[in-house]
Amino acid sequence: MAVPILPSEIDISSPEAYLNERRLQADFSRLRNEMPIAWVDREPYRPFWSVVRNADIKAIEKNHQIFINEPRLTLQTRKAEAASAAMFGGQRYGVRTLTDMDEPDHRKYRDISSRWFVGPGLRKVLERVDRIADRFVDRMVKQGGQCDFATEVAMWYPLYVILSLFDLPEEDAPRLLQLTQHLVSASDPDLQRSDLGGTDAVPEFFEYLGRLLVERRAHPGDDLASAIATAEIDGKPIDTLEALSYYLIMVTAGHDTTSGAITGGMHALVENPAEREKLRQPTPALLRNASGEMCRWVTPVKHFMRTATEDFSFHDATIKAGDAVALFYASGNRDDACFEDPDRFRVDRKVDGHVAFGFGIHSCVGRQLALAEMDAFFGRLIPRLRHVEFAGDPKLIQSNLIGGYKSLPLHYEITH
Ligand code: HEM
């Protein structure tokens, strides 16, 4: 059987490709139609299979016995992988987060935090989310009708929610934002610390989080950082590496993604006044649907990878044991087999089935919190937003992993 090779004119792997969304989505659309699985052998990455259809992404994620998360979770350049190996040996980036784990460990560790993101645990957090959302809408009012929505509002609001979940002081926000950007926006020339894919941000991050861990082990409180610090796995206290890694994923994945979804959602609402109008007096159900549509539309997490543990036939290809497979959520969310007219932003479309939060056992633990943050913010802002327009060009973060905005300058009028 001939191996389906990604056509040379198509680029779905370089961070630069993610700056031109129109072209990227045209390429994904072609692949979904012509080559649902393709072998991608492009420097500076080790080769991998690309999977682009919504149903295929779900099928691979569902088959977590064969397709595991260790050891290759994201596309990293060979140089970044070598730097990580030199600094930390076998452990990717010297971390072991939930996303790096497979069963049975994954389930045990996931149980530590899951109660904070559902039911009464979530409801308690949401009271604080409402207060924080109020503050950020007020901040927009005080700005007097002009702001950079990305850098003055959306980068901070979800970060403040995480600070509150961890019971950390708000003065720490600028440092955490910078550390997060060094780690996850490492392919953007304006936000990176070096060209080592974020590897070199880990020691400073662990130094900060290490102090927090020592403090919460000694004086646990009623917060997520304490719950992790005092957790037990198989009757023994959680190891330091796993606790620090847990902190790391929560204080990065917990805000960067949500701020990308909020900024991209705002961008789409500015471009689509009729959709904005539908949210003038929203019901809770419509608001929640709109938040889901923003996540589908933006797809802040562009891909994650899995590694096959045995040979597996898929469409016209044989994925060999040890091969890596990249699941392109950014493509799965524009699949017309799943969504009608997928390249249109519609707050009242049927949005179920999107893969912005992944799928299966690793699907985002913070999904309900992220959606609630978006509901709280847009539910307060849009009914009062009389007018809004761009005050400059939006600027995207150059990344094939976590997308987002460096800038979204707006002029607006908010009623009191
Ligand atoms: C719009 C916002 C968000 C998006 C788009 C997003 C997206 C994702 C995606 C795609 C995954 C991987 C799913 C998979 O492998 O199937 C994931 C996992 C995860 N997310 Fe989120 N996320 C968001 C917000 C949050 C928040 C608010 C938190 C926590 C406060 C969070 C914490 C996590 C954690 C801990 C995991 C790992 C779960 C596991 O491996 O079991 N995320 N997220």
Study note, to complete from the structure: Rounded to the nearest Å, the spacing of the alpha-carbon centers of region 217-243 and region 154-188 is 21
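Let me have the relative contact order for the chain, percent, based on Cα pairs under 8 Å that are six or more residues apart.
Working: 703 pairs, mean separation 107.7, N = 416.
Once divided by the residue count of the chain, the mean separation gives 26 percent.
Would you please classify the overall shape of region 96-160 from the alpha carbon gyration tensor, given that a ≥ b ≥ c denote the square roots of the eigenvalues, rounded means a/c under 1.5, and beyond that prolate means a/b larger than b/c while oblate covers the rest? Present the calculation step by step, with values, prior to reporting the outcome.
Details: a/c = 6.61, a/b = 2.12, b/c = 3.12.
Cα axes put region 96-160 in the oblate bin.
Helix-only mean residue ellipticity at 222 nm, the chain, DSSP H runs n ≥ 4 weighted -39,500 (n - 2.57), per residue, nearest 500. What is it?
On the way: 15 runs with 183 residues, N = 416.
For the chain, the value works out to -13500 deg cm²/dmol.
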Check your understanding: Taking Cα centroids, how far is region 63-96 from region 335-367 in Å?
Key -> 27
Practice item. Write down the accessible area per residue of the chain in Å², having rolled a 1.4 Å probe over the full set of protein chains. Key: 41
Exercise for review: Pull up all non-local amide H partners of Phe304: gap of 5 or more, or a different chain, and H-to-H distance under 5 Å with H placed in the peptide plane.
Suggested key: Leu327, Tyr329
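Which order, highest average first, do 281-288, 154-161 follow once you tally other Cβ atoms within 10 Å for each residue and take the mean per peptide?
Numbers: 281-288: 13.4, 154-161: 24.0.
Per-residue mean Cβ counts within 10 Å order the peptides as 154-161, 281-288.
What is region 175-231 by shape, rounded, prolate or oblate, if you read a ≥ b ≥ c off the alpha carbon gyration tensor as root eigenvalues and call it rounded for a/c under 1.5, prolate for a/b larger than b/c, and oblate otherwise?
Values: a/c = 3.58, a/b = 2.89, b/c = 1.24.
Here region 175-231 falls in the prolate category.
Let me know the volume per residue of the alpha-carbon convex hull for the chain, in Å³.
Details: hull volume 55.8 nm³, N = 416.
Expressed per residue, the convex hull around the Cα atoms of the chain is 134 Å³.
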Review point. So how strong a dipole does region 15-414 carry about its Cα centre when Lys and Arg Cβ are +1 and Asp and Glu Cβ are -1, to the nearest 20 debye?
Key: 600
**Study point:** Euclidean distance between Cα centres, region 378-401 to region 261-322, Å
**Key:** 17
Point to revise | In range of the label at Ser8: residues from region 30-71 whose backbone nitrogen is under 16 Å from the point 7 Å along Cα→Cβ | key: 40-43
Point to revise | Dipole of the chain, positive end: most advanced residue of Ala330, Cys147, Gln178 [Cβ charges, Cα centre] | key: Cys147
Study note, to complete from the structure: Per the charge dipole of region 15-414 (beta-carbon charges, Lys/Arg positive, Asp/Glu negative, Cα centre), the residue among Trp116, Ser226, Ala38 reaching farthest to the positive end is Trp116
Study note, to complete from the structure: Of every hundred units of 1.4 Å-probe accessible area on region 15-414, the number belonging to carbon and sulfur atoms, as a percent, is 50
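How do 63-71, 377-385 rank on mean C-beta neighbours within 10 Å, highest first? Provide the component values of the computation, followed by the final result.
Values: 63-71: 16.8, 377-385: 20.1.
Sorting 63-71, 377-385 by mean packing, highest first, produces 377-385, 63-71.
The values are calculated or read from the model by the stated rules, or taken from the named source; none is laboratory data. Since this is a predicted model, take the numbers as computed values, not measurements. With ideal geometry, Cβ positions are generated from the backbone for all residues, glycine too; neighbour counts draw on all protein chains shown. What goes into the accessible areas is simple: the full protein's heavy atoms, side chains included, and nothing from ligands, DNA or RNA. Shrake-Rupley method; radii C 1.70, N 1.55, O 1.52, S 1.80 Å.
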